[in-house]
Amino acid sequence: MDTPTAELEIELHRWDAGRHTVELRFRRPDSDADISPARGLVRFDTAALLALAIDPDAYGQELSRQLFAVDEVREQLEQARAVVEAKGWPLRLRLFIGPSAPELQSLLWETLTDPRTGRWLLTQETLFFSRHMSSYDWRPVQRRPRSALRALVAVASPEGLGGTQPGSWALAPIDAAGELKRARAGLGDIPVVTLEAGTRVTLPALAAALRAEKHDILYLVCHGALRNGEAWLFLEDEAGKVARVDGDALVAQLGDMEHRPLLIVLASCESMGNGSSVDDGGALLSLGPRLAEAGVPAVIAMQGSVSMATLEAFLPVFFHELQQDGQIDRAAAVARGAVRDRPDRFMPVLFLRLSGGKIWYDPGFGHEGGLEKWPALLNNIARGRCTPILGSGLLEPIIGSSREIARRWAEGHHFPMAPHERDDLPQVSQFLAIVQEESYLRDTLVLELQRELRRRFAADLPDKPSGSVDQLVKDLKTVGEAERRTNPADPHQVLAALPFPLYISTNPDSFLADALTAAGRTPQVELCRWRDDVAWPPSVFADRTTDYQATPEKPLVYHLFGRFQEPDSIVLTEDNYFDYLIRASRPGQDSPHPPAVLQAQITTALLFLGFRMEDWDFRVFFRSLRGREGSALSQRLSHVAVQIDPAENRLLDPDRARKYLQQYVGSKVSIYWGSVHDFMRELQEQWQRREADR
C-alpha cells in the first residue's frame, strides 16, 4: 500500500485588473471530512519580482510574501504543515493557476520559500510540488505496467544554426550525439527508442513515431523561441535545414493521438560554443500548460537558462526515482533535492494533471500473496472447474472503449445530460433510442465500429465501410486473424489453448470462437435469449438426438449480451440492461440460461477477465450471479477478477477505490490489478511452466 499522502491545493484566479483570488484547501488522508478552505485577495507585483530575478533566494522570499499575504491563508498553510510533520505524511502541494490568470504561469513558483524560515520550500523530499493542470480531454489516463515503460528520444540538430549567412539562425549549434548520450544517461534503465537512421526530426516524423508504438515518455531536445506570446520550436525539415514549427501544431498533433505519451520532457540544448547554458525565451515552458490541457498527463520543461550541470544532476535522479514507484511529483521532489545547492535549481518545472501522480503500476494480486493464488487457479483450470467470463477489456484494443464511443455519440447528437454522463454508453444509447429509434441506434453502432476498425487497422481493411452487419463480422474475423498471427499472447488465443469446457462472454464479437477453431477445437455458440422479439438462431441444445455436453474438445461459447450477427440481441441501452436483469433473474425452467451455464455458475471457479467493475456489463451480471441460490461465490473456490487498473483521472482516490471494489465483490474473489493483457501473459507463462513440470 502506498504511503498515505496529505494534499494541499493552492488555486489562483484573476479577480480584477490588479488582484487575484487565492484559495488554499487541505485534505487529510485519514479523514473524509471537508476542511473549509482559506481564501483571500492578493496582489502580485511583477515589476518588483522582475527586479529580483537575478537573485533566486530574494525572488522566492518576495513571491512567498505576496502569495501568503492573507493571514488566514498563511495560517492554514502552517497548520497543514504542522499536521503532516506530526503524522510523518508526505505532502502533495499542487498549484493551480486558473485560465483567467495565464500571466501567472511566467512567475518563478519553484523559488517559493518557507514563510517561517525563508529557506527554499522545495528542498524537502517529502513535499511533492507541481503546477496542477486541468484538461478539456475527458479520455481517462491509462497507466502502463512498469516493465512496459519506453521512451522516444528526439534531438533536433538542424543545419543553419549559429551561422551568420542569410537563412541561418543566431542559435547555438546542437551536439546531437552528446545530447542523445545525455538523454540515455538521464533515462537510466528505461528503454530508449530513437527515430530511424536517416530520419529527420520533423513534426510529421515525430508524430508517426509516437503513433507507431506506445511510447510512455517523449524526450525532446530542441531550440525554442517565444515571440509575441507564441511559442516556436526549431525542428528540422526533410533536407535537414531549420524548420520553425508553431508550438500549437505540436500540441494539436499530440491532442489528436489515441495513445499520447504519459510524460513529455522538453529539454534545453547544450551549446557547442563558449556557453554552458541556453535560454529559449520561455518557449518550452509556455508549451507545458497547453500540452497538459490537450491531455498529456505530465510535462517537464525549463523556465529559462538552465546549466548543463543542473540538467545532468536533475534528470538521472528524476528518472531513477520515477522507476521506484511511478510517482512523478515525488521523483521531481527528490531530483530537486539533488540540485538544491545550484543557483538555477528552480529551473525544472513540472506540469501535472494526475490526481495521484503515478504513470505506471505493478500488475498482480496486490497484497494478497501474489503467486499464492496461481496454484489453485491452475488446478481448477486443469480439472475443468473454472469458467472464464470475458469482459470488454479483451475487445477494447480492437474497437476502442465503450466510453470513447459514448463520447463521440454524445457530441455528435447533442446529448443534453450532465457532462460526466457523456461517457456512459448505456445512457447515451438510451437517449439515441428514444430521440431517434432503436434500429437507428444499432445501425449506427455497426457503422461506427467499421469506421473505427479502419482507423486502427487500415492496412488490413482497405475497402470502405458499408454499414452492413456481414461486413462488420468479416472485418472482425480479418483483424482477429492478424492479432493472433502477430501476438502469441493474444488473450483469445491464450484462452483457446486452455482446456475450458465453457466460456461465457459479455462481448458481441466472435474472436474467441474463431481462436478456438484455429486451435483445432470445435466451439458451439449459444446466446442468452433475453428478449422475445429477436430472430434467434437455432439453439445448440435444440437437437435432442445429439444430447450436446460442453467438453474441452467441443466447448460452449455462451454470449450473455448478444452478438454482432444478430444486432437486435445486443444489450446496449439502459432499458436493455434492465430487461436482461429481469429475465435472467427468473428461476428454474423460466431462466433464459441453459442448465449447463447455470450449473457452471454454481459449481466452478469464476475467472472474470477484462472488466472495469464500475461498468454496466459487470455490475448487471455480477448482481444476477450474487442473487442466484447456491451461487459459486458462496462456495470454497478461488475466484479471480482481472480488473483493469483504475484510470488515473476517473477516480479521486484509487487506493480507497480498490478497497471499495474488494468489499463489493467479497472476500471469495481475488482481484488481479492490471490489464487483461498483463494477466493473460502471466497466465500463459504459469500454465506452460506447470505443463513443463509434469
Query raised in the report: Which part of the stretch 71-109 falls in the paramagnetic zone of residue 30, meaning amide N under 15 Å from the point 7 Å along Cα-to-beta-carbon?
Result: 80-91
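Using mean Cβ contacts within 10 Å as the protection proxy, how do 107-115, 173-181 order, highest first?
Details: 107-115: 21.4, 173-181: 17.0.
Highest to lowest by the protection proxy: 107-115, 173-181.
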Report summary line: In Å, the Kirkwood estimate of hydrodynamic radius for the stretch 299-352 over Cα pairs equals 11.0
Query raised in the report: Stretch residue 599-residue 323 to full length: gain in nm at 0.36 nm per residue minus the Cα-Cα span?
Result: 94.8 nm
Query raised in the report: Over the Cα atoms of the stretch 6-132, what Rg and Dmax result, in angstrom?
Result: 14.3, 44
Report summary line: Here the Cα Rg-to-2.2 N^0.38 Å ratio for the stretch 144-354 is 0.95
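What FRET efficiency would be calculated for the residue pair residue 3, residue 189, taking the C-beta separation as r and a Förster radius of 25 Å, to the nearest 0.05? Before the final figure, lay out the partial values.
Working: r = 23 Å, r/R0 = 0.93.
That pair, residue 3 with residue 189, gives E of 0.60.
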Query raised in the report: So which lysines can residue 181 reach, going by Cα to Cα under 27 Å and dropping same-chain residues fewer than 8 places off?
Result: 214, 241, 358
**Report entry** Cross-link partners of residue 373 among lysines (Cα-Cα below 16 Å; sequence separation of 8 or more within a chain)
**Finding:** 668
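Quick check: convex hull of the Cα atoms in the stretch 276-426, volume per residue, rounded to a whole Å³?
Spread over its residues, the Cα hull of the stretch 276-426 gives 199 Å³ apiece.
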Report task. Straight distance only, please: which aspartates and glutamates reach the Cα of residue 474 with their own Cα at less than 17 Å, same-chain residues fewer than 8 apart left out? Result -> 443, 448, 452, 460, 463, 483, 509, 514, 566
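If I take R0 = 25 Å and measure r between the Cβ atoms of residue 248 and residue 458 in this structure, what FRET efficiency does the formula 1/(1 + (r/R0)^6) give, to the nearest 0.05? Can you show the working numbers first?
On the way: r = 27 Å, r/R0 = 1.08.
For R0 = 25 Å, the calculated efficiency reads 0.40.
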Requested in this report: Could you point to the residue in 360, 670, 551 farthest towards the positive end of the chain's charge dipole, with +1 and -1 charges on the Cβ of Lys/Arg and Asp/Glu respectively?
Outcome: 551
Report summary line: Gyration tensor on Cα atoms of the chain, a ≥ b ≥ c root eigenvalues, a/c under 1.5 rounded, else prolate if a/b beats b/c, else oblate, says prolate
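Find the relative contact order for the chain and round it to a whole percent, using C-alpha pairs within less than 8 Å whose residues are 6+ positions apart. Don't skip to the answer; put the middle values down first.
Values: 1282 pairs, mean separation 74.3, N = 694.
Once normalised by length, the contact order is 11 percent.
Every read-out reported here was derived from the displayed coordinates using simple, explicitly stated rules and does not represent laboratory data. Remember, it's a predicted structure, so these values are computed and weren't measured experimentally. A quick note on method: Cβ atoms are made from the backbone with ideal geometry, for glycine too, and the neighbour counts reach across all protein chains shown.
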